[in-house]
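Chemist: What follows is a single structure, and I will ask about it in a moment.
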Ligand SMILES: Cc1ncc(COP(=O)(O)O)c(C=O)c1O
């Protein structure tokens, strides 16, 4: 099988792990954790990075840090991985589902503004969702497939309504927007993931980025059981979300290779785009000229068709292709979440096919994927 997206562990990973064992620093305090945080901050242009056990944990801590709480609503694009919605639910809040735009497949700034203008009203300090009376507490844009959302208008709307922004940047390390790196896009907090299928992995892990020292300190406090001093004093409900030195050791070795990994991912994406540009009914993933995707996943969208149909045809040829996210509006836990119309998401999500795109993918393997997909599409055309 040519795998979809696997780790590329050819650097200093084993050596740094051995250092953890030799030094007896395997837990959540250790030199690799500090170094990983500094490396992540520097790679993303953020002033501060707080390493966490996972991206999901980072999202939960970040939302808690900006004050999301019980019964609140948080604006979220319906097209995302379920971890973004789950983090909101873990705060006792609900996602308020919005549409994505064609240009990025991320949160549509216009849909955001329309929803806030039509559906909310201010009462004292609080912004309330008129229909339910619930407080609107934050906005979570999601950088889909490693491509930044159109952040300037999103931030402008957020400021106008006094709402904090927690960006789900799980797969966006290495991306840029209007020549700014992912930690400099105006969000109060941005959250990365380092799970096994991400461009840079720590085995599992996450990081919360901030440009404000006090907010980063609040996240750090929350992720370390809100402990005060060195005894058993805790000043609020906190979480045990700190990354371990073992995870950070792998993360440090990986981040040393970030530029090479992102370059490889972009090359793979370009090859697919070129190979499929002539095929009827096939569209490349969005590539607006004002952002550079980190190309976490490569693939295509199969105009108006169900990408799931292609998966078994490719698997039969030894290729691990997959359909992509199913929207939150379709997920059992969020069926009754408040929502606005999502025509773009509804049209796109079934058509997205992800293709092998590990940074270690060889050109021979990519050529095999391209040939197999052409064959599958031709077979489909014959059946029709
Ligand atoms: C958009 C998005 N958000 C959140 C996450 C959760 O990250 P983690 O798996 O590190 O918890 C992922 C992971 O794939 C993701 O793609």
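What follows draws every value from the coordinates through simple rules; no lab data is involved. In this text, all values refer to a predicted model and were calculated from it rather than measured experimentally. Using ideal geometry, Cβ is built from the backbone for each residue, glycine included, and neighbour counts are taken over all protein chains shown.
Chemist: For labels at residue 305 and residue 217 in the simple 7 Å Cα→Cβ model, what's the distance in nm?
Modeler: Modelled inter-label distance: 5.7 nm.
Chemist: Per-residue ellipticity at 222 nm for the chain, helices alone: DSSP H runs ≥ 4 residues times -39500 (n - 2.57), over residue total, nearest 500 deg cm²/dmol?
Modeler: For the chain, the value works out to -11500 deg cm²/dmol.
Chemist: Compute the relative contact order of the chain as a whole-number percentage, counting only Cα pairs closer than 8 Å that sit 6 or more residues apart in sequence.
Modeler: 24
Chemist: So, R0 is 41 Å and r is the distance between the beta-carbons of residue 235 and residue 123; what FRET efficiency does that work out to, to 0.05?
Modeler: With R0 = 41 Å, the Cβ-Cβ based efficiency is 0.90.
Chemist: Once you put a point 7 Å from the Cα of residue 29 and another 7 Å from the Cα of residue 316, both along the Cβ direction, what distance in nm separates them?
Modeler: Going from the residue 29 label point to the residue 316 one covers 5.9 nm.
Chemist: Starting at 0 and stepping by 20 Å, how many percent of the alpha carbon pairs of the chain end up in each bin?
Modeler: Bins of 20 Å from zero give 29, 56, 15, 0 percent of pairs.
Chemist: Between the alpha-carbon centers of segment 331-367 and segment 139-217, tell me the distance in whole angstrom.
Modeler: Cα centres, segment 331-367 to segment 139-217: 19 Å.
Chemist: Over the chain, what is the percentage of antiparallel beta bridges among all DSSP beta bridges, to the nearest 5?
Modeler: Antiparallel: roughly 70 percent of the beta bridges in the chain.
Chemist: Also, quick follow-up: Determine, for 234, 221, 143, the number of other Cβ atoms within 10 Å of each Cβ, and report the residues in order from fewest to most.
Modeler: In increasing order of surrounding Cβ atoms, one gets 234, 221, 143.
Chemist: A follow-up question, please. Want the number for residue 21 to residue 82: 0.36 nm per residue separation, take away the alpha-carbon distance, what's left?
Modeler: Working it through step by step, the gained length comes to 18.5 nm.
Chemist: Let me ask something additional. Suppose the chain between residue 110 and residue 370 were pulled fully straight at 0.36 nm per residue; how much longer would it get relative to their current alpha carbon spacing?
Modeler: The residue 110-residue 370 span can extend by a further 90.0 nm.
Chemist: Can you divide the C-alpha Rg of segment 58-112 by 2.2 N^0.38 Å and report the result to two decimal places?
Modeler: In units of the 2.2 N^0.38 Å rule of thumb, it is 1.13.
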